[in-house]
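The values are calculated or read from the model by the stated rules, or taken from the named source; none is laboratory data. Being a predicted model, the structure only gives us computed values, none of them experimental. Don't worry about glycine lacking a Cβ; one is built from the backbone with ideal geometry, like all the others, and counts go over all protein chains shown. Note: accessible area is taken over every heavy atom of the protein model, side chains too, but ligands, DNA and RNA are not part of it. Shrake-Rupley method; radii C 1.70, N 1.55, O 1.52, S 1.80 Å.
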2 protein chains.
Amino acid sequence: MKYCSHCASELTYIIPDGDNRPRFVCPACQAIFYQNPRIVAGTLPVHNGQILLCRRAIEPRRGFWTLPAGFMENGESTEQAALRETWEEAQAVVQLQSLFSMITVPHIDQVHIFFLAELEKAEFAAGDESLEVALFNEEDIPWNELAFPTVSQTLKRYFADSSAQQAAHVFDIGISQALAKGLKSSG
Amino acid sequence: MKYCSHCASELTYIIPDGDNRPRFVCPACQAIFYQNPRIVAGTLPVHNGQILLCRRAIEPRRGFWTLPAGFMENGESTEQAALRETWEEAQAVVQLQSLFSMITVPHIDQVHIFFLAELEKAEFAAGDESLEVALFNEEDIPWNELAFPTVSQTLKRYFADSSAQQAAHVFDIGISQALAKGLKSSG
């Protein structure tokens, strides 16, 4: 951020009055530009015990497998965003169940949320952002070809306990990875 | 948004290639400015069956009661944001339990999330953004002086079923209010 989007003046990066952290502030029109985390919403679609995954046709992580998910847009709910992304990426219509995971990814300022969802009929196809879409049994999940740690974590926790009515898994991906590393190096 | 924050050129509002909705796009440097919902994170602090509420010292809704909550910042997790806001507004240190509610407020592009939290000791005070902070029994909750619908809904659902291990309450505040209105006018 260099210029004010209201008046095109050059921005300063200072702590505004009454605030406790630096923000981009316009010295001409006094506008303050807050920067906040973005939500990525998606689903964990289940059909007869199998999971629907999409192989990404776009960067980042082109060619890797992911759960259908993407940036939540203004004006929609988290549930609408999850359903829209599932349609756009996997051309699948699902029934949302409970919120399954909410995972902060602090190094890229994102919060990823996945709803457990039922795919009643095995009807799906690759959307514009997918190379292919397929159903996987637990033993066939391509663990080494998953696109993002939040996808691996969500799948891992799903297979560890697939009860739909449990409390959501809410955690920080950085802390979760540091713990996993600690466990590996101490084991 | 009128000017590019990278190069100060005047922005256009068009559908970029490969996208399906209009965005602010810079015709000079091609930067695309996405606008996404922001997260408000807070807690539902419980001490011996009483709930901790803060009376707001700032607009909007100055003088009204709220659960401690505020905008999540870049670089922190949802849990850290909830704890920080509880400290800033109520000077209270709580133990987070499960995610209790995640409520989209689509008309202002916000998602409000509240964690159930235990306030072990009755130690709290008004932070800079609060006029006063107090513990309330269910029968004393100032229902007509609550600041925001997401706070009322969260409290209402808490008293309806205070089991901590249930699935999170995830919904759209607009739809919830439309349903309530429908029920009222049909009743």
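Observations on the structure shown:
- Any hit, segment B:117-138, residues being under 22 Å from B:ALA167 (Cβ atoms) and within 14 Å of another protein chain (Cβ to nearest Cβ): yes
- B:GLU89 vs. criteria more than 25 Å from A:SER77 (Cα to Cα), among the charged types (D, E, K, R), at pLDDT 95 or above and out of contact with any Pro (no Cβ under 8 Å at 6 or more places or on another chain): no
- Remark: pairs (first residue in segment B:88-110, touching a residue at least 60 places away in the same chain (Cβ under 8 Å) and aromatic (Phe, Trp, Tyr); second residue open to solvent by less than 50 Å² (accessible area, probe 1.4 Å) and not in a helix (DSSP H, G or I); Cβ separation under 7 Å; 6+ apart in sequence or on different chains) = B:PHE100/B:LEU44; B:PHE100/B:PHE114; B:PHE100/B:PHE115; B:PHE100/B:LEU116; B:PHE100/B:ALA168; B:PHE100/B:HIS169.
- Lone qualifier among B:PHE159, B:PHE114, B:PHE148 - being closer than 20 Å to A:HIS169 by Cα and at pLDDT 90 or above: B:PHE114
- Flag if B:PHE100 is modelled with pLDDT under 95 and part of a strand (DSSP E or B): yes
Okay, residues lined up against (1) under 17 Å from A:ALA122 (Cβ atoms); (2) under 16 Å from the mean Cα position of the chain (by Cα); (3) open to solvent by less than 30 Å² (accessible area, probe 1.4 Å):
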position: A:LEU52; (1), (2), (3): yes, yes, yes
position: A:ARG61; (1), (2), (3): no, yes, no
position: A:GLY70; (1), (2), (3): no, yes, yes
position: A:TRP87; (1), (2), (3): yes, yes, no
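- Test: B:ARG84 is basic (Lys, Arg) and assigned to a strand (DSSP E or B): no
- Given (1) under 23 Å from B:ARG38 (Cβ atoms); (2) buried (at least 17 other Cβ atoms within 10 Å of the Cβ), index of the condition B:ASN74 fails: (2)
- Scan of segment A:103-126 for residues that are open to solvent by less than 10 Å² (accessible area, probe 1.4 Å) and in a loop (DSSP other than H, G, I, E, B), ordered by number: A:LEU119
- Of the residues making up segment B:64-72, at least one is within 13 Å of chain A (Cβ to nearest Cβ), closer than 22 Å to A:ILE175 by Cβ and outside any strand (DSSP E or B).
- Out of B:PRO45, B:PRO27, B:PRO22, B:PRO16, sole residue that is in the same structural domain as B:ASP128 (by TED's automatic domain parsing) and touching a strand residue (DSSP E or B) at 6+ places or on another chain (Cβ under 8 Å): B:PRO45
To keep it simple, each residue is scored yes or no on (1) open to solvent by 60 Å² or more (accessible area, probe 1.4 Å); (2) under 24 Å from B:ASN36 (Cα atoms).
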position	(1), (2)
A:ALA8	no, yes
A:TYR13	yes, yes
A:ARG21	yes, yes
A:ARG38	yes, yes
A:ALA41	no, yes
A:VAL46	no, no
A:ARG55	yes, no
A:GLU79	no, yes
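- Residue identified as over 27 Å from the mean Cα position of the chain (by Cα) and either of a type in the set (A, V, I, L, M) or under 13 Å from B:SER5 (Cα atoms) (or both) among A:VAL40, A:VAL25, A:VAL46: A:VAL25
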